[in-house]
Amino acid sequence: MKDKLDTLGAKLARKEMRIPVDLTVGVLFFLLGGVVLLIMPQQVAVSERDVVNGRAFPTLLMGLMMFCSALLVGKEIYKIAKKKPLEYKTVNLLVEVKALIILAILVVSYLLALWTDLFVVGAVFCALAFLIYFRCKKPGYYIITVGMAVGIWAAFRFLLNVRF
Amino acid sequence: MLQHIVPASGLLFTLQNILWINIGVFIGAVFAAIPGLTVILCVILFLPVTYSMSAIPGMMFLLGIYCAGGYGGSVSAILINTPGTPHAAATMLDGHPLSKQGRTKAALKIALYASTFGGIFSALALLFLGPQVAKFAAQLGTPECFMVCVFGLTIIAGVSGKSMIRGIIAACLGLLISCIGSDPMTSYDRFTFGVGRLYLGLDLAVCLIGLFALVEIVGRAEKKPDELHMDTSKMRDNGVITKDEYKRMARPTILGSLIGVIVGIIPGTGASEASWFSYSQARNLSKHPEEFGHGSVEGVAASESANNAVTGATLIPLLTLGIPGDGTVAIMLSALMINGLNPGLSLFTTQGDIMYAIMLGLILVNVFMLLQGKVLTPIFAKVVSIPQEILTPIIVIFCFAGAYSVNKNYFDVAVALVFCVLAWLLRKLDMPPVPILLGLVLGKMTETNFRRALLISNGNPSVFFSSVYCWIFVGLIVLAVGTILRGKLREKKPQAAPAAKEE
Amino acid sequence: MKKQTFRRICLLLSLVMVMSCALSTTAFAAGETWTVTCPWAPDGVASLVSQKAASLSTEYSDDITLVAEAIKGDAATVNTWVLDNEAGDTGLVFVGEGLLSITATMDPAKMQFGYEDFAFVENLYSSVFVLSADAKLEINGIEDLKAFVEGAEEITVATNGATGSEAFLAAALFGSMGAGDALKLVPYQSAAEAAQAVSRGETDFAVSHQSQILETYNQGGVTVVCAFDEGPIENGPFAGVEGVGEYGYPYFRNRCFIMARAGTDEEKVAELKALYDDILADEEVVEWLHDTMLLEVDTMDVEAVEEHIANVKGIVEEYIDIVQPA
């Protein structure tokens with residue numbers, strides 16, 4: 001099992017993707033600004049008598065965000081036209097898969113706590129899942145971490161009166 | 001004043017008070033050191049303990065938590081790159097790199113000494129200048145508060161990393177997120193998408209957990225197994241701060257303390273704003289700005305002195321005008337009022353001994369914080385040597401418990417997770433998270449004061465230049481922007497020089 | 001990790017737990033614990049009174065311990081409370097006219113609850129709001145106010161929040177004086193901020209609890225013009241200040257109802273009511289409410305509560321256009 005995972009990991013580690021950072025940021029946030037402006041009338045009610053209404057500040061922000069995004073895109077287009085190198089960020093597939101696994105541990109811990117309405121269930125799962133993720137083989141670590149998970153829950157529940 | 005000092009000392013120096021100060025300091029330092037557990041949450045949780053106490057021990061206990069919490073937040077910021085409290089975020093920028101250089105104990109000590117200095121500085125300001133400072137603070141109205149916010153936003157330039165444009169975009173995002181919830185000026189919902197729980201807006205501490213703490217956990221994915229363990233045996237961390245470092249700490253610590261006091265007396269602001277203002281100014285005025293973000297002792301000293309200098313300053317409007325300087329102090333007001341003390345200048349005449357005992361007690365709290373900090377520093381420093389297998393889930397559990405405790409709701413845990421995903425995506429795009437945090441800290445205050453000032457003036461923007469204080473802030477903003485531009489030019493020069501040589 | 005280090009950390013954690021345990025024992029005594037949720041600011045009047053009541057609960061009952069909790073959030077907090085609590089659960093919540101009369105009229109969609117979801121326990125206090133004016137305007141009573149209103153093109157009033165009780169009281173007073181169009185409500189984040197705003201002349205007036213304006217008044221920054229009550233204030237530093245009711249202007253008192261979840265055993269509700277009545281009859285509490293908080297003990301029955309809600313609703317419906325124009 002361990003060998004299989006290592007082989008898969010080695011394969012994934014070789015796969016990389018290069019993202020033109022400024023161009024991506026520019027396009028993404030320009031679109032985000034546009035979307036926010038578009039949904040503003042539905043999401044922010046205003047009164048005619050308001051001197052400065054609730055839409056003014058977010059509109060100003062989105063305007064600035066779109067202007068900065070356009071600047072970034074313009075700069076990158078200029079670089080492409082002048083055949084200058086763009087700034088790239090390399091994304092490694094193995095890192096992203098590992099990040100997804102960690103994120104999954106976090107989400108499942110949260111869901112377990114929510115569904116059972118017992119925080120300690122999520123906490124114990126979280127402790128065990130991370131120990132497995134780190135491929136820990138020391139039984140002592142399992143005892144300590146699970147003990148701490150229960151201890152933290154007990155401290156909040158019984159000493160600080162946080163009911164969860 | 002002098003006639004009150006002797007009886008106040010008699011009221012203060014009792015075994016009971018000393019004991020409660022130490023319990024408060026210990027709880028505050030440890031609580032704030034745990035990511036997700038903020039000082040305000042700690043005060044709320046332990047407030048019932050004071051119900052059965054009289055005013056002085058009750059206040060001493062809460063002040064112990066409050067002041068030590070100011071320092072405690074820096075502990076996790078230095079050790080695990082996760083600020084224990086929002087106001088320790090600026091400390092993280094240099095504290096953690098120092099720790100990574102094998103100087104964990106030194107970083108913790110710098111934070112402790114700067115915090116103690118800031119705390120005592122503000123306690124003295126409260127004791128000697130309280131009423132005068134309060135009168136000045138009372139004159140700062142809505143337009144002045146807006147100018148303070150604009151001044152605060154100039155910090156974005158300093159924490160944007162490689163690209164200021166990306167920093168501005170990130171700050172806009174933070175400011176936009178701060179708009180979520182009930183519009184403070186009209187009570188209409190904004191960007192809630194029909195989700196009832198969003199009506200309250202997003203809690204800063206919850207966002208911070210996602211933006212800095214949980215994303216740091218996800219960031220473990222970027223490290224190879226051998227990078228996860230810090231070999232502390234090779235580091236020989238003796239915790240020594242050199243003479244040169246002490247000298248370099250002096251100016252940012254004094255300036256930070258002053259900034260902390262000024263920011264602290266303005267109601268609505270708090271330790272987070274103070275630490276960022278101070279960090280930014282220290283960087284602008286430093287002879288080594290290039291060290292900031294890479295383990296600068298000045299950076300740690302500046303932010304820590306400022307966030308602890310807020311503690312005494314927030315008590316100035318509370319004790320003299322009955323206006324709490326920040327959220328935590330607002331809760332501490334309960335301990336006074338439940339004992340029949342309605343804070344204000346009149347109380348200095350009717351209950352002068354108690355008031356001076358509280359003010360003197362603040363100095364004592366800081367002294368005990370220093371003593372306890374010296375004992376706790378070596379123990380805290382050992383956290384970096386805890387195996388990641390154990391430390392990682394424990395941090396997550398504390399973060400989840402902390403997020404839940406804010407509003408006693410799992411919704412906030414989900415919000416923290418959403419911010420974690422957002423922070424991860426932004427990290428992939430090299431977007432700095434600190435401007436988002438700044439936007440969140442300053443957003444509501446900026447917008448509210450902007451709109452309220454224009455509401456008062458019927459839309460006339462000259463309101464922002466209507467007082468001498470406004471002009472002082474305009475001057476400070478111009479100065480800050482000028483220093484930033486000078487710094488940027490300085491940064492470009494060394495890059496341009498080698499390029500010219502190559503040609 | 002060295003064993004010694006691990007032992008030290010364990011020792012530290014144990015110490016924290018032992019200390020917390022000791023502190024919690026002092027705070028939460030034995031018996032059935034009822035958590036009282038205040039949906040407003042932890043430093044607000046309601047939260048402070050709730051804490052005071054909670055601190056005395058064990059003196060008056062061996063079976064019930066009250067634990068005060070403040071989760072700022074207004075309707076959102078009460079929505080959550082209603083969702084999380086069922087009949088018979090040991091939870092209490094505060095609701096006032098702000099939720100049952102104002103929010104219910106202005107923005108009913110925001111509320112996932114109604115009066116029928118609660119079982120009334122007791123009214124915690126009754127507060128008479130006051131109108132204070134910038135001292136420079138020299139307005140010392142309702143006659144002065146009338147004269148000011150007649151000549152004013154614009155009247156600015158600082159309130160705590162945009163659509164709270166304070167905003168509606170201001171709207172009702174100036175609206176009934178025929179100055180609704182000239183009225184400009186300036187919302188602040190807290191009552192203390194509103195009090196400071198009027199004292200430095202940022203606004204002409206402010207509406208607040210008496211205790212919240214007291215220090216500013218003592219320092220000479222404001223004058224207290226009138227009270228939002230039937231007659232003049234009888235006690236305290238503002239004794240003698242005229243009530244707007246004397247002139248036929250609308251008013252209401254601010255009240256804070258302690259509610260259990262609907263369907264909770266009637267005997268239990270009666271037991272809780274008796275406990276609160278005992279606490280509110282305590283001489284120390286009465287004195288504290290009068291002298292420090294400038295409030296009144298005002299125990300009520302269900303009919304009086306319903307009457308109060310209906311009265312405020314009537315005022316809200318009449319003056320809603322001034323507070324929140326379409």
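Side notes on the structure shown:
- Unique residue being more than 30 Å from A:PHE164 (Cα to Cα), touching a Phe, Trp or Tyr at 6+ places or on another chain (Cβ under 7 Å) and in contact (Cβ under 8 Å) with a residue 12 or more places away in the chain when the list is C:VAL121, C:VAL78, C:VAL128, C:VAL93: C:VAL128
- For segment A:41-62, filtering for residues that are among the small types (Gly, Ala, Ser) and either buried (at least 21 other Cβ atoms within 10 Å of the Cβ) or more than 9 Å from chain B (Cβ to nearest Cβ) (or both) leaves 1.
- All of B:ILE155, B:ILE165, B:ILE177 fail the test of being within 25 Å of B:ARG251 (Cβ to Cβ), among the β-branched types (Val, Ile, Thr) and either in contact with a Ser or Thr (Cβ under 9 Å, 6 or more places away or on another chain) or within 14 Å of chain A (Cβ to nearest Cβ) (or both), apart from B:ILE155.
- Residue within segment B:410-430 that is surrounded by 22 or more Cβ atoms within 10 Å (Cβ to Cβ), within 7 Å of another protein chain (Cβ to nearest Cβ) and assigned to a loop (DSSP other than H, G, I, E, B) present: no
- Residue in segment B:376-409 that is surrounded by the fewest Cβ atoms within 10 Å (Cβ to Cβ), counting only those that are more than 7 Å from chain A (Cβ to nearest Cβ) and of a type in the set (Val, Ile, Thr): B:ILE379
- Annotation note: of B:GLY487, B:GLY459, B:GLY475, the sole residue that is modelled with pLDDT of 85 or more, in a helix (DSSP H, G or I) and either surrounded by 13 or more Cβ atoms within 10 Å (Cβ to Cβ) or among the small types (Gly, Ala, Ser) (or both) is B:GLY475.
- A:VAL97 more than 25 Å from the chain's Cα centre (by Cα), assigned to a helix (DSSP H, G or I) and at negative phi: no
- The combined condition, being part of a helix (DSSP H, G or I) and over 20 Å from B:GLY72 (Cβ atoms), is not fulfilled by B:ILE394.
- Pairing residues of segment B:187-200 that are more than 8 Å from chain C (Cβ to nearest Cβ) with residues that are of a type in the set (Ser, Thr, Tyr), at Cβ distances under 9 Å and at least 6 apart in sequence or on separate chains, gives B:TYR188/A:SER47; B:TYR188/B:SER182; B:ARG190/B:SER182; B:THR192/B:SER182; B:THR192/B:TYR199; B:LEU198/B:THR192.
- Just so you know, in segment B:319-334 the residues that are within 7 Å of chain C (Cβ to nearest Cβ) and not in a loop (DSSP other than H, G, I, E, B) include one that is surrounded by the most Cβ atoms within 10 Å (Cβ to Cβ), and it is B:LEU321.
- Residues in segment B:446-486 that are closer than 30 Å to B:TRP424 by Cβ and either without any contact (Cβ under 8 Å) to a residue 60 or more places away in the chain or away from chain A (no Cβ under 12 Å) (or both): B:ILE484 alone.
- Qualifying residue in segment B:78-85 (condition: assigned to a helix (DSSP H, G or I) and at pLDDT below 90): yes
- Subset of segment C:99-115 that is part of a helix (DSSP H, G or I) and within 11 Å of another protein chain (Cβ to nearest Cβ) - its residue that is surrounded by the most Cβ atoms within 10 Å (Cβ to Cβ): C:ILE102
- Residues within segment C:133-165 that are away from every other protein chain (no Cβ under 14 Å) and closer than 28 Å to B:ASP326 by Cα, tallied: 1
- In segment B:114-168, residue modelled with the lowest pLDDT [restricted to those that are under 26 Å from C:VAL186 (Cβ atoms) and of a type in the set (Phe, Trp, Tyr)]: B:PHE136
- Residues satisfying the stated conditions in segment B:131-152, i.e. farther than 28 Å from B:LEU347 by Cα and away from every other protein chain (no Cβ under 12 Å): B:MET147, B:VAL148, B:VAL150, B:PHE151, B:GLY152
- Selected residue (criterion: surrounded by the fewest Cβ atoms within 10 Å (Cβ to Cβ)) from residues of segment C:166-204 that are outside any loop (DSSP other than H, G, I, E, B) and away from chain B (no Cβ under 13 Å): C:SER176
- Figure legend. Inter-residue proximity from segment B:386-403: first residues without any contact (Cβ under 8 Å) to a residue 12 or more places away in the chain, second residues surrounded by fewer than 24 Cβ atoms within 10 Å (Cβ to Cβ) and outside any helix (DSSP H, G or I), beta-carbon distance below 7 Å, spacing 6+ or different chains. Indicated pairs: B:ILE386/C:MET1; B:GLU389/A:PHE134; B:GLU389/A:CYS136.
- Checklist (1) surrounded by 19 or more Cβ atoms within 10 Å (Cβ to Cβ); (2) farther than 23 Å from C:VAL67 by Cα applied to C:THR292, failing item: (2)
- Residue tally, condition farther than 16 Å from B:VAL159 by Cβ, of a type in the set (Gly, Ala, Ser) and over 12 Å from the mean Cα position of the chain (by Cα), over segment B:257-303: 3
The values are calculated or read from the model by the stated rules, or taken from the named source; none is laboratory data. Keep in mind that this is a model prediction, so the values were computed, not measured. Cβ coordinates were reconstructed from backbone atoms using ideal geometry, including for glycine residues, and neighbour counts include every protein chain displayed.
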